[in-house]
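Everything on this sheet refers to the single structure shown next.
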Amino acid sequence: MAEAAQRLDVWLWCARLCRSRADCARLIAAGGIRINRQPTEKPHARLRPGDVVTLPLPAGVRVWRVLALAARRGPAAEARLLYEEIAAAPLSCAAGQTAAYPPAEPAPTRLPGERDDLRGHRKLHSL
């Protein structure tokens, strides 16, 4: 009897990690994703319930345990049931900082009465 398995790119797409399966395949091919501590660059790698997937994301490294295989790409609530997060939040988030980027400064605005000319444009963008 064959053990149930699913392609890694399809499972990540059903878990709503990326918007398309092609995006998931590119993420896998770029490297960094691990299945049970083994690096993989193959979108067709087989994934089974109980496997541990390590994902390098811009917000930090995520470690997920596969709870179930996906029958379809459903809503986010259904996708959340496919895995459980087993790693703690990144250190920057645990310390109370909400993002890895510094807070954005407000864009400079033109004062009332200022002309929209080249000098004003250069002055505005030199800030």
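Derivation of every value follows stated rules applied to the coordinates shown; laboratory data play no part. Bear in mind that the values here come from a model prediction, so they are computed numbers and not experimental data. Every residue, glycine among them, receives a Cβ derived from its backbone with ideal geometry; neighbour counts consider all protein chains shown.
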**OP:** Under 20 Å from a label point 7 Å along Cα→Cβ of Glu3: give me every residue in the range 19-60 with its amide N that close.
**Re:** 34-54
Original post:
Taking 0.36 nm per residue of separation and subtracting the Cα-Cα distance, what length does fully extending Lys123 through Gln38 add?
Top reply: 25.3 nm
Subject >> Overall form of the range 6-89 per C-alpha gyration tensor (a/c, 1.5; a/b vs b/c) >> reply: rounded
